[in-house]
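**Student:** One structure follows; several queries about it will come next.
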């Protein structure tokens, strides 16, 4: 039997403080990964009705596709009914590979559109992330219940349950929103469950699953060049190329000294080299993907302070590595970050499993049209899959799984109705999304998931127009366009 259980905001706040405390000793890999897979920055809160906001739980099946599997678990969500009137729509922000927080039900553009339509606001948490734990741990047996089809079925059950239990909601229309992976989810939900969602907003949605996602680092480089300038791009390219050259010419000890690498780093081990240069490229990707006005420029300014290309790049990297006596950047160290099967604040094990089993999206150095060198080939990530999750994850298996994802969901032709696609021009993820101007809105000079804030004077003309377009689409989707026009 489905049921809900309220948790106080005080308890939630204590849990958040505890989680922050628990991350003090996060590795370099974990910190960079968290930046790249964090919750899209929540909007500024506008709600004055804190009493309406609750952390709740709903019972879900462990395996939605196996009738003989009777185990269940509790999925967290946040609700806000401050605007709700019977018969009004549901507005559901869908969680991705992060822990949910109250921001998306207390402020921002989606919140304001919900307010316009007296909507009931929800924010759902994805299985295996945050505090939504379907199993006691994430060993290789238990983690097999983590996949996007299971998560979409969870969302379907959530909608059906809320329609059945909330007064006046039996025929409630449903508007979904998501950012990054959860934008992918709302798109794919519309494909698999078209009758359960009226419309959706997909911000920064990658839709085409691809093993060798070399375009990601291409767009990262293009964005650095566009915003930070040609000199900054060239310095990064030349500095990393010089590091590669030193390793190639048996002078790796010099790079180890410059970057303060621990003694365990083996300069003659390809996996260690690939891990190092992958991490370097990901640090720069984090700058671009999370860019706000001035961020890329500040990093470039720091890099250009160095007397040489290699010293400029290394000087910046050291500020990101942290204050440890030496920097542990070996292949063994990154694998160790993903071998712990207990639930904690490190999401690397879950997300990498999903890439091995469904998506690929390995952001490699295959292309020469990027400044981060040549030393993080696709084989690094394929080897990780097998070493972490077992020999079942062969190259052939991963390639077939990725192909199956595209076959099921349609890749760049999902064939869905009433989905509004948006991307930031600077966002490297847009390369795997719909970019046709007739099907998606590309907002110039914005990065990843940067369009969820309330309409404000800080928005560019293009950003404001995109937000207004979504608001108008919602009016059309729920049939209130004429009412809105009369109110103007």
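We did not get these values from a lab; they are worked out from the coordinates using the rules stated. These figures come from a predicted structure and were not determined experimentally. Every residue, glycine among them, receives a Cβ derived from its backbone with ideal geometry; neighbour counts consider all protein chains shown.
**Student:** Can you tell me the convex hull volume per residue for the range 283-342, based on C-alpha atoms, in Å³ to the nearest whole number? Could the numbers behind the result be given before it?
**Tutor:** Numbers: hull volume 7.6 nm³, N = 60.
In the range 283-342, the Cα hull volume divided by residue count equals 127 Å³.
**Student:** Run the numbers for residue 48 and residue 469: contour at 0.36 nm per residue of separation, minus the present Cα-Cα distance, in nm.
**Tutor:** 148.9 nm
**Student:** Return the FRET efficiency for the residue pair residue 56, residue 391: r is the Cβ-Cβ distance, R0 is 45 Å, and the value is rounded to the nearest 0.05.
**Tutor:** Working: r = 41 Å, r/R0 = 0.91.
Efficiency at R0 = 45 Å is approximately 0.65.
**Student:** Under the Kirkwood approximation applied to all pairs of distinct alpha-carbon atoms, what is the hydrodynamic radius of the chain in Å? Before the final figure, lay out the partial values.
**Tutor:** On the way: mean 1/r = 0.0426 Å⁻¹.
Kirkwood hydrodynamic radius for the chain: 23.5 Å.
**Student:** For a quick size check, give me the Cα extents of the range 403-485 along its three principal axes, largest first, whole Å.
**Tutor:** Its Cα atoms span 45, 32, 19 Å along the three principal axes.
**Student:** Across the Cα atoms of the range 92-184, what radius of gyration and what greatest pairwise Cα-Cα distance (Dmax) are found, in Å?
**Tutor:** When restricted to Cα atoms, the range 92-184 yields Rg and Dmax of 14.4, 46 Å.
**Student:** Using only Cα atoms, tell me the angle between helix 395-409 and the longest principal axis of the chain; keep it within 0 to 90° and round to the nearest 10.
**Tutor:** The angle comes out at about 30 degrees.
**Student:** Here is a follow-up. With angles folded into 0 to 90 degrees, how steeply does helix 461-477 sit against the dominant principal axis of the chain? Use alpha carbons for both and round to 10.
**Tutor:** 40 degrees
**Student:** Then there's this: So for the range 345-488, what are the equivalent ellipsoid semi-axes in whole Å, largest first, each being the square root of 5 times an eigenvalue of the Cα gyration tensor?
**Tutor:** 38, 19, 14
**Student:** Once all Cα-Cα distances of the range 211-404 are split into 5 Å bins that start at 0, what whole-number percent is in each one?
**Tutor:** 1, 8, 15, 19, 19, 17, 12, 6, 2, 0, 0
**Student:** Please give the contour-minus-distance gain from residue 195 to residue 292: 0.36 nm per residue of separation, less the Cα-Cα distance, rounded to one decimal in nm. Don't skip to the end; give the middle numbers.
**Tutor:** Values: separation 97, 0.36 × 97 = 34.92 nm, distance 3.72 nm.
Between residue 195 and residue 292, full extension yields 31.2 nm more.
**Student:** What is the distance, in nm, between label points placed 7 Å from the Cα along the Cα-to-Cβ direction at residue 170 and at residue 63?
**Tutor:** Going from the residue 170 label point to the residue 63 one covers 3.5 nm.
**Student:** In degrees between 0 and 90, to the nearest 10, how far off the longest principal axis of the chain does helix 148-165 point, with axes built from Cα atoms?
**Tutor:** Computed tilt is about 20 degrees.
**Student:** Now for a separate question. Determine the gain in length on full extension of the stretch residue 399-residue 345; use 0.36 nm per residue of separation and subtract their C-alpha separation, reporting nm with one decimal.
**Tutor:** Details: separation 54, 0.36 × 54 = 19.44 nm, distance 2.93 nm.
Length gained between residue 399 and residue 345: 16.5 nm.
**Student:** Next up: I'd like to know how the range 300-423 sits against the 2.2 N^0.38 Å rule of thumb: what's its Cα Rg over that expected value? Working shown, then result.
**Tutor:** On the way: Rg = 18.7 Å, N = 124, 2.2 N^0.38 = 13.7 Å.
Ratio of Rg to 2.2 N^0.38 Å for the range 300-423: 1.36.
**Student:** Go through 227-240, 53-66 and give me the packing order, highest mean Cβ count within 10 Å leading.
**Tutor:** Details: 227-240: 19.5, 53-66: 17.1.
For the peptides 227-240, 53-66, the packing ranking is 227-240, 53-66.
**Student:** Related question: Sort out for me the Cα centre separation of the range 438-482 from the range 331-370, rounded to whole Å.
**Tutor:** Between the Cα centre of the range 438-482 and that of the range 331-370, the gap is 32 Å.
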